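A.B. asks: Before I ask anything, let me first share the structure, which is written out below as structure tokens.
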Amino acid sequence: MVYQSKSGYTKRYIEMLAGQVEGTMVELKAVSATQMTGYGVIVYAGGVYAGKISGIKKFFRLLGSSSPQKIALVAVGAAPLTSALREKLMQDNLTAETVTSLVKPKFFYLQGGFDPDKLNIALKAMLGMMSKNLQKKQMKTPDKITEEEQGFLDFFQVANDQTSEEQLAPLVAYLKL
Ligand SMILES: Cc1cc2nc3c(=O)[nH]c(=O)nc-3n(C[C@H](O)[C@H](O)[C@H](O)COP(=O)(O)O)c2cc1C
């Protein structure tokens, strides 16, 4: 179970997962390519930042030619899950350039949380820019704001934690198959 978590929510999910399935938890920045070999099942989880799953490219680069039987790819983001969001995340992240493994990963999405106190300066600036652009759009063309964009704006209004065992259940079931 490899993860990258900037404000702690992905880490929380991986900790919950570790309580339910057997496995080793390791942060992406601490993992080497050799440590990734020899596993039948590998999970990679990362927070979603500007539509991209953080660390995903590095993860597949490290995985290299080792071929587990199952790879679960977990995105932890702000927006509530809709089928359109799921499609978009898969399209933007599971590209041939990024996903270099022989096995096609199974994709999961979990809603994380937001705490302004846990963001570093770079993330604060990035969030400020993304919110400003959406707020502008909301003012100028309110009818063009999508459900995901509205969900995104609402999510960052106040600190909140949407992590739940319930959302994790399909991933646990997949890993136990
Ligand atoms: C600067 C910034 C950009 C973000 N961009 C997105 C995004 O594009 N889509 C999304 O669903 N969530 C987005 N989020 C929300 C994070 O994915 C969410 O807070 C998640 O819980 C972070 O997980 P982590 O703490 O494990 O990194 C963004 C958060 C920040 C701070």
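A.B. asks: What is the one condition in (1) closer than 20 Å to L177 by Cβ; (2) within 13 Å of the ligand (Cβ to nearest atom); (3) buried (at least 19 other Cβ atoms within 10 Å of the Cβ) that Y9 does not satisfy?
C.D. replies: Of (1) closer than 20 Å to L177 by Cβ; (2) within 13 Å of the ligand (Cβ to nearest atom); (3) buried (at least 19 other Cβ atoms within 10 Å of the Cβ), only one is false for Y9: (1).
A.B. asks: Of everything in segment 12-47, what is crowded, with 21+ Cβ neighbours inside 10 Å and either closer than 18 Å to G113 by Cβ or modelled with pLDDT under 95 (or both)? Give them in sequence order.
C.D. replies: Result: Y13, I14, L17, A45, G46, G47.
A.B. asks: Of everything in segment 77-120, what is basic (K, R) and more than 14 Å from the ligand (Cβ to nearest atom)? Give them in sequence order.
C.D. replies: K104, K106
A.B. asks: Quickly run through segment 133-177 and pick out the residues that are more than 30 Å from G23 (Cβ to Cβ) and of a type in the set (F, W, Y).
C.D. replies: Answer for segment 133-177, where residues must be more than 30 Å from G23 (Cβ to Cβ) and of a type in the set (F, W, Y): F152, F156.
A.B. asks: If the Cβ limit is 6 Å and pairs must be 6+ apart or interchain, which residue in segment 154-168 that is exposed (fewer than 13 other Cβ atoms within 10 Å of the Cβ) pairs with which residue that is part of a loop (DSSP other than H, G, I, E, B)?
C.D. replies: If the second residue must be part of a loop (DSSP other than H, G, I, E, B), the pairs left are A159/D115.
A.B. asks: Another one. Restricting attention to segment 49-58, which residues are within 14 Å of the ligand (Cβ to nearest atom) and either basic (K, R) or open to solvent by less than 40 Å² (accessible area, probe 1.4 Å) (or both)?
C.D. replies: Passing the criteria: G51, K52, I53, S54, G55, I56.
A.B. asks: Would you mention how many residues in segment 88-129 are touching a residue at least 12 places away in the same chain (Cβ under 8 Å) and open to solvent by less than 70 Å² (accessible area, probe 1.4 Å)?
C.D. replies: Going through segment 88-129 one residue at a time, the tally reaches 24.
The values are calculated or read from the model by the stated rules, or taken from the named source; none is laboratory data. These numbers were taken from a predicted model, which means no experiment stands behind them. So basically every Cβ, Gly included, is an ideal-geometry build from the backbone, and we count neighbours across all protein chains shown. Each accessible area value is taken on the protein alone, full model and side chains, heavy atoms only, with ligands, DNA and RNA left out. Shrake-Rupley method; radii C 1.70, N 1.55, O 1.52, S 1.80 Å.
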